[in-house]
1. Hey, any hits in the range 185-199 for a residue that's under 28 Å from VAL416 (Cα atoms) and among the basic types (Lys, Arg)?
2. Does the range 191-209 contain at least one residue that is aliphatic (A, V, I, L, M) and farther than 26 Å from ILE347 by Cβ?
3. Is it the case that the range 100-110 has a residue that's in a helix (DSSP H, G or I) and crowded, with 19+ Cβ neighbours inside 10 Å?
4. Looking only at residues that are part of a loop (DSSP other than H, G, I, E, B) and open to solvent by less than 30 Å² (accessible area, probe 1.4 Å) in the range 158-185, which one is nearest to PRO409 (Cα to Cα)?
5. Just to check your reading of the model, which residue among ALA211, ALA240, ALA218, ALA248 is part of a loop (DSSP other than H, G, I, E, B), out of contact with any Gly (no Cβ under 6 Å at 6 or more places or on another chain), free of Cβ contacts under 8 Å to residues at least 60 places away in the same chain and among the aliphatic types (A, V, I, L, M)?
6. Just checking, how many residues over the range 400-416 are buried (at least 17 other Cβ atoms within 10 Å of the Cβ) and under 18 Å from ALA334 (Cα atoms)?
Amino acid sequence: MEATKKQEDCANPVCADNGLIASLCHRGRLAPELAILAEEADADAAPVIAQLAARRERHQLRLLEAFHDCRVSDYHLGVTTGYGYGDSARETLDQLMAAVLSAESALVREQFVSGTHAIATALFGVLRPGDELLSATGTPYDTLWEVIGLGEEPAEGSLREFGVSYEQVELTADGGIDLPALLQGLRPATKLVLFQRSRGYSLRPSLTSKAIGEACAAIHRVRPDVICFVDNCYGELVEAEEPTALGADLMAGSLIKNLGGGLAPTGGYIAGREDLVRRAATRLTAPGIGAHVGSSPGGRRLYFQGLFLAPQVVFEALAGAVFAARLFERLGFAVTPRYDAQRSDIIQAITLGSAERVVAFCQGLQKACPVDGHVIPQPAPMPGYADPVIMAGGTFIQGATSELSVDAPMRDPYAVYFQGGLSQTFVRIGALSAAQTLLERGLLP
């Protein structure tokens, strides 16, 4: 009865509709002034989302063809135990991932506990004492600091402790790769150049596969021996091609992000040149064992099925991000990328400008989550992060940014990093809930 009364009393013209925005307004979960802005943002976003849908369809066809070429069968979906010797499902999943990423070889394992673990495994697999790691994208994402050994006291077991040195080249003022400085930074000891595709906790644009490919080609012209490695987290299936299709030697990422399709319960991947993937596999397991072991006591259905659904899930996340960008831009906040800009990862950064707004945004989004919607997130220290971090996202899989999440380091300029979404409707609900919370607390510009 109460909901019916609100519908009868609502004078907002938006509420003549029966869609999501009207429903939220009817239920008293969205202020009328926000509902009008949301409708305008929705109309602005529609042509951009239509373009993204076309790319989703091309990726879906490509994945279907890869499944056919790899002869994926029902018996690949079952359980294996122990060492996993002769596990054709494991080998087929590796082959399938390599095809999807246009790579010679791939290592897909549920034994990877995170994307950072997969990246660290690749780095330790191919680097040796005396080698130098050169970052082409400035300071890496926070969780890689201790892997590399940045800071006065290197972390136990870091690359630095193992005798691998580190240098970095800053990005240009507009966030691009500074190719002249990068080539000048190559030294005799330089063995690997690291490209971080996503923005991480920064407001620079994410790198396109084309830009990474051009940099890799330039490096290989002068130093064919240097390995071009890409931290590909958040970037898979966003563009038409992956970095490995355009010259990157090796890359790694997580399966609870894009390529898990919202279904993979854990895991990560490494893909690229066959010899480099083999060396990474030796680091994951042991010399002489490499990629030839690793069972799946829970079965691999969710990995195959999640990969097949990944184009759709990535599209839903991108469509939701386009709407969120336009909504918060209309609310007066700086967003990157803009709603109609080219995208090369699923992350939407929104600069809020204060700690109070960051907390309100995250707490508002948490209210829209299907799991732990009653929880009130607060900033707290997090392992691997330099500053206290606030994270929101009641996900079915812990930490799965493919579902919907937002996180933010509590530091200037107080930006939130909004990513994922199993459906664009879900993302819209989350973004509108965050905006409503900011409004209720008097924190909108």
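1. Yes, that holds for at least one residue.
2. No, every residue in the range 191-209 fails to be aliphatic (A, V, I, L, M) and farther than 26 Å from ILE347 by Cβ.
3. Looking through the range 100-110, at least one residue is in a helix (DSSP H, G or I) and crowded, with 19+ Cβ neighbours inside 10 Å.
4. Per the criteria, the residue is GLY175.
5. Result: ALA248 is the single residue among ALA211, ALA240, ALA218, ALA248 that is part of a loop (DSSP other than H, G, I, E, B), out of contact with any Gly (no Cβ under 6 Å at 6 or more places or on another chain), free of Cβ contacts under 8 Å to residues at least 60 places away in the same chain and among the aliphatic types (A, V, I, L, M).
6. 7
Yes or no, residue by residue, for (1) under 16 Å from ALA281 (Cβ atoms); (2) touching a strand residue (DSSP E or B) at 6+ places or on another chain (Cβ under 8 Å):
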position: HIS68; (1), (2): no, no
position: GLY82; (1), (2): no, no
position: LEU93; (1), (2): yes, yes
position: PHE124; (1), (2): yes, no
position: LEU133; (1), (2): no, yes
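Here is a yes/no grid of residues against (1) closer than 20 Å to ARG330 by Cβ; (2) open to solvent by 50 Å² or more (accessible area, probe 1.4 Å); (3) within 17 Å of the chain's Cα centre (by Cα); (4) aromatic (Phe, Trp, Tyr):
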{"position": "ALA349", "(1), (2), (3), (4)": "yes, no, yes, no"}
{"position": "GLU356", "(1), (2), (3), (4)": "no, yes, no, no"}
{"position": "VAL359", "(1), (2), (3), (4)": "no, no, no, no"}
{"position": "GLN366", "(1), (2), (3), (4)": "no, no, no, no"}
{"position": "CYS369", "(1), (2), (3), (4)": "no, no, no, no"}
{"position": "GLN378", "(1), (2), (3), (4)": "no, yes, no, no"}
{"position": "PRO388", "(1), (2), (3), (4)": "no, yes, no, no"}
{"position": "MET391", "(1), (2), (3), (4)": "no, yes, yes, no"}
{"position": "GLN398", "(1), (2), (3), (4)": "no, yes, yes, no"}
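The values are calculated or read from the model by the stated rules, or taken from the named source; none is laboratory data. Computed from a predicted model, the values in this text were never measured in an experiment. Positions of Cβ are backbone-derived with ideal geometry, glycine not excepted, and every protein chain shown enters the neighbour counts. Calculation scope for accessible area: heavy atoms of the full protein, side chains included, ligands and nucleic acids excluded. Shrake-Rupley method; radii C 1.70, N 1.55, O 1.52, S 1.80 Å.
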